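This report refers to the structure that appears directly beneath it.
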Amino acid sequence: MTRTLRTAVAVAAALATLALAGPAQARPFDPRPGADGAGDPLFPTLGNGGYDVQRYDLSFDFTPVTYDFHAVMKIKAKATQDLSSFNLDIDSLAIDAVEVDGEKATWSVTTGRSGQELTVTPAAGLHDRRSFDVAVTYHGNGRTTPVGVPGWRYMSDGGFASAAQSSRADTFAPVNDTTMDKARWSFHLTAPKGWTAAANGTATGTRKAPGNRTTWDFRVDDPMASELLGISVDKQTKIEGRGPHGIKLRHYVPEDQVATYKPIVERTAGQIAWLEKTLGVRYPFDTYGVQIVRDGYSDALENQTLSLFGPGWFKDAATSTGYTDVMVHELTHQWFGDSVTPTTWRSAWLNEGPAVYYAALWADQRGTASMEEKMRTAYGNLDAVRKSDGPPGRPTELGGFNIYDGAAVTLYALDQRVGDHDFDALMKSWLTKHRHANADSEDFIDNAVTVTHDPSLRPFLEDWLYSEDNPPMPGHPDWK
Ligand SMILES: [Zn+2]
């Protein structure tokens, strides 16, 4: 569209508004820099303002052992204000070139507290609501010490896996690193012969690349927040299967440990079936799988459609099925956190609370641990934690007991208060209403009140989520 035509359209639109709504003035073009943060209370510099990403397309060429990489990130975005410049989040990436709509843009990198800001100034300002394309060519080395905490996990064979939550997607690629800006993704990961690349979403093919290398293509068709980025290159083997109603499953395990891990990853189908029945809501994506790494990572993380696990969780797998609890925890996140994503990190209890709660229910129903005992203990601990680390809905930082077991106790209290029937109904409504979108604590409270027609749940939940003291546990007056 040319500038003249755009003006004509704007004038026509202004006249139409005038006819409908009386006096109105066409707003003059007033380009200003987009904000360098998205306003997250816990991470003020995370993400950026002034645009909304529609699609990311990442080409990432990785050399194992040396950890060198060369990459191009293509971003399709839409302006949400008149923009003179805008920011992307990066950390320790060497920027080679930036283009906006195919034209060279000027750019600069500044270092902040938790990473860096790439400020892009296009040749001409961008009008509000206009779609634009950005291409960032960059390179780097995965062993470079980032400004913030690391997102790279190093495998002893020379491979890597990404553990980006909550703020480290920017150590792999330029992104709008806020939970608020979910987008569709494509990945084109290139590695030398003998190595296997994995990523979120559906594998759409492999291609030969120059230098005896292979490119693996993946596509994520449902919106995904950058914190859930899950890419890896390692000596790993893909194990494929099918879940309930034909869900495609694909798992990645170390290539020399397939016999050990195959029976473990094959438990996934049964776990999906149990959660679908318990939640009354179908698995939200078209594929799922677990990735168990050889070493270099010891935690567990709900990367969208491909949960990541360190090997330690499975070391007693020959004698105990206790490891299935953590598998159910990360699987629960695919509904709570990945499909329904908190608007800001302050609402992270909406991810971790349900994950702890349903994993405890899974253990309870299998007879391996009592839900009631777990909740009683957590209730006892939560009171002091509220004072030191903040209540579940107002944590002072991420990763604490308050947003995990403390949030699960809050859900348990809600269940005790309204009964299983209404609790199941409001959780199902939550997942359905906010599917593939963002929502926060206030939305959760609104939904609980709407579904139960019980306005007294508002002060009840506010007390549980925001109070400095534990409210009494319904049905258990003896709990202290
Ligand atoms: Zn979790």
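Each label point was placed 7 Å from the Cα along the Cα-to-Cβ direction; for Ala123 and Arg32 their separation is 2.7 nm.
Mind giving me the FRET efficiency for Lys78 and Glu397? R0 is 35 Å, r the Cβ-Cβ distance, nearest 0.05 is fine.
Numbers: r = 32 Å, r/R0 = 0.92.
Efficiency computed from Cβ-Cβ geometry: 0.60.
Stokes-Einstein diffusion for the stretch 340-466, with the hydrodynamic radius set to the Kirkwood value over Cα pairs and evaluated at 20 °C in a medium of 1.002 mPa s, equals 147 µm²/s.
Given charges of +1 on the Cβ of Lys and Arg and -1 on the Cβ of Asp and Glu, with all other atoms neutral, how large is the dipole of the chain about its Cα centre, in debye to the nearest 20?
Values: 46 positive and 61 negative charges, 292 e Å.
So the magnitude is around 1400 debye.
Report the calculated FRET efficiency for Lys208 and Ala135 (r = Cβ-Cβ distance, R0 = 25 Å), to the nearest 0.05. Computed FRET efficiency for Lys208 and Ala135 comes out at 0.60. The radius of gyration of the Cα set in the stretch 183-281, together with its Dmax, comes out at 15.2, 50 angstrom. All distinct Cα pairs of the stretch 292-374 go into the 1/r average, and the inverse of that average, the Kirkwood radius, is 13.5 Å.
I'd like the per residue volume of the convex hull spanned by the Cα atoms of the stretch 76-133, given in cubic angstrom. Please report the intermediate quantities before stating the final value.
Numbers: hull volume 4.9 nm³, N = 58.
Taking only Cα atoms, the stretch 76-133 has a hull volume of 84 Å³ per residue.
Taken over the stretch 32-116, the convex hull of the Cα atoms encloses 126 Å³ per residue. Two tests apply to each whole DSSP H helix in the chain, Cα reach of 15 Å or more along its axis and mean Kyte-Doolittle hydropathy of at least -1.0, and the ones passing both are 3-21, 268-279, 323-335, 349-365, 405-418, 420-433, 441-452.
Placing a label point 7 Å from the Cα of Asp286 along the Cα-to-Cβ line, the residues of the stretch 42-73 whose backbone N sits under 20 Å from it are 54-58.
On a per residue basis, the convex hull of the C-alpha atoms belonging to the stretch 326-365 measures out at 48 Å³.
Of the accessible area of the chain, with the probe set at 1.4 angstrom, what percent is carbon plus sulfur? Kindly include the intermediate steps, with their values, before the conclusion.
Details: 10270 of 19840 Å².
Using a 1.4 Å probe with all protein chains present, the chain comes out at 52 percent carbon and sulfur.
Add -39500 (n - 2.57) for each DSSP H run of 4 or more in the chain, then divide by its residues: what number comes out at 222 nm, to the nearest 500 deg cm²/dmol? If you can, show how the numbers build up before the last one.
Numbers: 10 runs with 138 residues, N = 480.
It lands at -9000 deg cm²/dmol.
Extending 7 Å from Cα along the Cβ direction at Ala317 and again at Ala384 yields two label points whose distance is 3.7 nm.
Quick check on my link table: of Lys262/Lys428; Lys248/Lys315; Lys277/Lys433; Lys182/Lys262, which ones sit more than 29 Å apart, alpha carbon to alpha carbon? Correct reply: Lys262/Lys428; Lys182/Lys262. The orientation-averaged projected area of the convex hull spanned by the Cα atoms of the chain comes to 25.4 nm².
Centroid-to-centroid, using Cα positions, the stretch 364-394 and the stretch 305-354 are 17 Å apart.
Give the accessible surface of the chain per residue, rounded to a whole number of Å², with probe radius 1.4 Å and ligands, DNA and RNA excluded. Before the final figure, lay out the partial values.
Details: 19840 Å² over 480 residues.
Result: 41 Å² of accessible area for each residue.
Derived scalar couplings between HN and Hα for the stretch 56-70 equal 10, 9, 10, 9, 9, 10, 10, 10, x, 6, 7, 6, 6, 9, 10 Hz in order, rounded to whole Hz, by the Karplus curve 6.51 cos²θ - 1.76 cosθ + 1.60 (θ = phi - 60°), x for Gly and Pro.
For the stretch 235-335, the calculated P(r), taken from all Cα-Cα distances in 5 Å bins from zero up to the bin holding the longest distance, is 3, 14, 26, 27, 19, 9, 3, 0 percent. Based on alpha-carbon atoms, the Kirkwood radius and the radius of gyration of the stretch 28-230 give Rg/Rh equal to 0.96. Given their separation in residues at 0.36 nm each and the Cα-Cα distance between them, Ala273 and Asp101 gain 57.4 nm when the chain is fully extended.
The values are calculated or read from the model by the stated rules, or taken from the named source; none is laboratory data. This one's a predicted model, so the numbers in the text were calculated from it and none came from an experiment. Every residue, glycine as well, gets a Cβ built from its backbone with ideal geometry; the counts of neighbours run over all protein chains shown. Side chains included, ligands, DNA and RNA excluded: accessible areas come from the protein's heavy atoms. Shrake-Rupley method; radii C 1.70, N 1.55, O 1.52, S 1.80 Å.
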